[in-house]
Amino acid sequence: MYKGCFSIKRKILESLLVLAIVILFIFPAVSSTSMLSFSSRDNYNIYHHQSDVQKTSWYIQHSYDESSMINDGRSPTVINKKQVISDSGPMNSSWPMYCHDTHHTGRSPYSTADNPPGIMKWSFRTNNYSLYGSSAIDANGIIYLGSGDFFALYPNGTKMWQYGINGRCESCPAIDEDGTIYIGTAHGDPNYFYAFYPNGIMKWRYYSGENILSSPVIGNDGTIYYGGESNSINALYPNGTLRWRYQTGFIVYSSPAIGDDGTIYCGCHDGYLYALYPNNGTLKWRFPTGDWIRVSPCIADDGTIYCVCTDGYLYAVHPNGTMKWRTWVEAGTSPTIGQDGTIYAGWSQLYAVNPEDGSVKWIYDTGGCIQGGTPCTSADGTIYFGTIVEIIDGYLIALNPDGTEQWRNYIGSCESAPAIGEDGTIYIGGMDSNSNGYLYAFGQGPLKAEANGPYTAMINQPVQLTGTIFGGIPPYNCHWDFGDGNVSEEQNPTHTYFHVGNYIATFTVTDSEGNCSVDTAQVTVIVAKPSVTIIRPVNGIYLMDIRVLPFSKPVIIGRITIQVKAAQEPFGIERVEFYIDDTVKATDTEAPYQWTWSTPAFFKHTIRAVAYDTSGKSTEKSIDVSKFF
């Protein structure tokens with residue numbers, strides 16, 4: 001007994017000794033680390049960023065003083081770093097960022113007056129990913145856009161490179177003077193803000209931990225600004241480290257704009273338009289509106305800031321944060337500024353607004369809505385924007401400066417802002433009914449015909465052939481040779497083949513200047529499988545082969561005559577087999593095809609009918625029933 005007590009006491013003493021060692025040796029280390037993290041005034045280094053492209057760890061080293069960190073709620077988190085400022089501002093190209101420039105005017109210096117009206121040069125499919133973002137263009141004419149992946153395209157629409165990202169890109173990239181491309185991601189796990197070299201190699205990525213639906217903008221010193229879903233406006237150094245973060249009252253989908261003095265302007269879902277100092281992110285002023293600001297502000301040449309709010313108003317705000325005027329334009333797209341200073345904004349209608357007093361010059365009925373297809377203007381004053389019509393349809397629309405329509409072209413549902421290249425090409429995204437994303441290019445280009453095959457057709461049944469025309473000068477003459485001795489002069493004809501086999505359909509297009517383009521597509525004509533339908537029993541209660549009551553499913557008491565309708569052209573039906581569960585019970589070779597099930601059975605069973613044509617092809621249908629007796 002005493003020996004056992006002594007053993008217990010010894011174990012207690014050993015445990016106390018271990019605890020004392022932990023307190024004496026480990027706690028001071030933890031305490032010193034805590035003081036380093038929260039109290040130290042000494043400089044120390046941070047290392048981060050692991051390259052997924054290089055497959056090796058590389059590090060960016062910075063030094064900062066924690067005494068310069070500020071985070072008091074609405075105040076920004078500021079980190080004053082050394083030797084990280086760059087002289088690289090935005091690239092001088094035809095369209096280096098969202099809405100063309102740091103003022104987000106949407107104003108191109110290039111004319112589109114010589115473009116043939118509404119002519120598509122090419123289209124690029126983004127590999128089954130929807131396309132909500134917009135395009136940026138570098139000085140070499142390379143087009144950058146994000147979807148489920150990030151793409152770089154040559155001016156002719158062929159792919160230069162593709163980078164697989166985590167999540168989706170739903171904003172517009174920004175390009176700096178060195179050619180670095182910046183873009184954020186959303187709906188990833190996790191989300192990042194990326195920087196890419198022009199050759200598609202990842203330069204760095206910054207862990208954002210939030211959805212980024214805001215398009216980045218680049219300051220003259222190379223700082224990158226964007227809004228985040230975690231209630232913040234962020235500033236990054238060109239090497240991918242945080243310069244400062246300003247906490248707003250709600251999520252930020254708005255894309256920041258930069259004034260001539262460097263002031264950062266950005267809207268927020270808390271209803272405020274924010275003006276922040278660029279060097280440290282402190283608040284200059286904030287202007288209250290009547291509701292959310294989901295879209296991006298723009299800045300006029302005189303410094304006036306324009307923003308659209310979900311209360312339906314376009315607000316004009318002086319650079320000191322006071323209101324100049326407001327006018328009703330519906331709650332829709334980001335406002336942009338025309339060549340003569342006119343403000344364009346709207347939703348189901350596009351409003352042209354006088355910048356002096358907010359009066360409306362004209363209103364254009366879009367026939368749908370503008371949701372992301374933000375207007376832009378070419379040097380000749382033509383206004384371009386994208387629409388959504390009944391969710392799955394939409395158009396690129398071109399208007400004259402007086403609000404009259406020049407042309408429109410179908411592009412499917414559009415939530416992408418247009419961009420204008422140096423040669424006057426208009427680039428805009430669209431989606432088809434299956435949410436496949438496309439980038440479309442409109443403007444001058446060589447004539448090209450596409451037959452869009454291959455096609456599969458059923459014998460004796462019409463098949464739709466679709467011809468697509470790119471470039472050239474309209475009007476066009478179209479000619480289809482179906483390969484079976486028949487022809488059509490329609491662009492999108494239907495045709496019926498009467499014999500099984502493989503055919504080559506040839507699509508020929510000639511434009512008004514005599515240019516000609518030819519493309520072919522294979523058409524495979526096959527025999528259709530038999531059609532089969534169980535027409536009895538239907539939902540209801542059957543008593544001795546008579547339907548006595550309606551019901552949500554077939555319930556059979558006693559015998560039932562099963563009836564089937566079957567057909568096949570041109571061969572006809574050879575036989576119909578009747579199954580109960582997996583057992584064949586009867587075969588009928590003549591219409592009407594039927595069999596009476598009279599054997600007792602209980603509870604749930606499956607009636608299955610299999611129809612065979614004379615060539616041996618078959619089709620089956622089945623229904624579940626409950627049977628008693």
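Since every read-out is calculated from the coordinates, none of them should be taken as a lab result. What you see is a predicted model; the values in this text were computed from it and never measured. All Cβ positions, even for glycine, are placed from backbone atoms using ideal geometry, and neighbour counts span all protein chains on display.
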Dipole check, the chain, charges on Cβ (K,R +1; D,E -1), about Cα centroid: among Phe124, Gln594, Ile541 the Cα furthest to the positive pole belongs to Ile541
Note on segment 329-444: alpha-carbon gyration tensor, axes a ≥ b ≥ c; rule is a/c under 1.5 for rounded, else prolate if a/b larger than b/c, else oblate; result oblate
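To make sure I understand, if each residue's beta carbon is the centre and we count other beta carbons within 10 Å, what order do Ile137, Ile264, Ile473, Ile293 fall in, fewest to most?
So the ranking, lowest neighbour count to highest, is Ile473, Ile264, Ile137, Ile293.
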extent check for segment 310-381: Cα max minus min per principal axis, descending, whole Å, gives 36, 31, 20
So, relative contact order of the chain in percent, Cα under 8 Å, 6 or more apart, is 9 percent
Cα-based Rg/(2.2 N^0.38 Å) for segment 448-526, rounded to two decimals, is 1.09
Long-range amide H partners of Ser413, meaning residues 5 or more apart or on another chain whose placed amide H is closer than 5 Å, are Asp393, Gly394, Met431
Most exposed to least, judged by fewest other Cβ atoms within 10 Å, Cys369, Cys169, Cys376 sort to Cys369, Cys376, Cys169
Across the alpha-carbon set of segment 412-569, Rg over Rh with Rh taken as the Kirkwood radius works out to 1.25
Expected unfolding gain across Thr589-Ser622 under the 0.36 nm per residue rule, minus the alpha-carbon gap, is 10.0 nm
Per DSSP, the loop-located GluC sites (Glu not before Pro) within segment 300-405 having at most 11 other beta carbons within 10 Å are Glu356, Glu390
Beyond 22 Å (Cα-Cα) in this structure, taken from Lys529/Lys621; Lys284/Lys361; Lys159/Lys203; Lys284/Lys324; Lys553/Lys604, we find Lys284/Lys361
In the neighbourhood of Val500 defined by beta carbon distances under 14 Å, the net charge of the other residues (Lys, Arg +1; Asp, Glu -1) is -1
With the convex hull built on the alpha-carbon atoms of the chain, volume per residue in Å³ sits at 288 Å³
Segment 484-521 scanned against label point 7 Å out from Glu569 along Cα→C-beta; backbone N under 16 Å for 495-500
Semi-axes (Å, rounded, descending) of the ellipsoid equivalent to segment 77-231 per its C-alpha gyration tensor are 25, 20, 14
Within the under-15-Å Cβ sphere about Ala419, not counting Ala419, Lys/Arg +1 and Asp/Glu -1 give a net charge of -3
Residue-ordered couplings for segment 494-499, obtained by feeding phi - 60° into the Karplus form 6.51 cos²θ - 1.76 cosθ + 1.60 and rounding to whole Hz (Gly and Pro as x), are 10, 8, 10, 9, 10, 9
Computed for segment 329-444: size of charge dipole around the Cα centre, +1 on C-beta of each Lys and Arg, -1 on C-beta of each Asp and Glu, debye to nearest 20, value 120 debye
For segment 491-622, averaging the sequence separation of alpha carbon pairs under 8 Å that lie six or more residues apart and dividing by its residue count, the contact order in percent is 21 percent
Taking only the alpha-carbon atoms of segment 531-628, the convex hull volume per residue, in cubic angstrom, is 85 Å³
For Ala586, other-chain or 5+-apart residues with amide H closer than 5 Å (H placed, Pro excluded) are Phe578
With only helices counted (DSSP H, runs n ≥ 4, each -39500 (n - 2.57)), the per-residue ellipticity at 222 nm for the chain, to the nearest 500, works out to -1500 deg cm²/dmol
Ranked from fewest to most other Cβ atoms within 10 Å of their own Cβ, Phe124, Phe602 fall in the order Phe602, Phe124
Sorted by chain and number, the residues with a modelled amide H under 5 Å from that of Thr126, at a separation of 5 or more or across chains, are Gly437, Tyr438, Leu439
Simple spin-label estimate for Asn486/Gln406, 7 Å along Cα→Cβ, in nm, reads 4.1 nm
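Give me the net charge for the shell around Glu330: Cβ to Cβ below 14 angstrom, other residues only, Lys and Arg +1, Asp and Glu -1. Could you put the intermediate results ahead of the total?
Values: positive: Arg294, Arg326; negative: Asp291, Asp311, Asp365.
Net local charge, Glu330 excluded: -1.
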Taking the convex hull of the alpha-carbon atoms of segment 162-234 and averaging its shadow over every direction gives an area in square nanometres of 4.5 nm²
To the nearest 20 debye, the chain has a Cα-centred charge dipole, built from +1 on Lys and Arg Cβ and -1 on Asp and Glu Cβ, of 3260 debye
Extend 7 Å from the Cα of Asp291 along its Cα-to-C-beta direction; within segment 319-348, residues with backbone N under 13 Å of that point are 328-333, 347-348
Mean Cβ-within-10 Å packing, highest first, puts peptides 348-355, 185-192, 616-623 in the order 348-355, 185-192, 616-623
Segment 410-452 and segment 122-192 have their Cα centres apart by a whole-number Å value of 15 Å
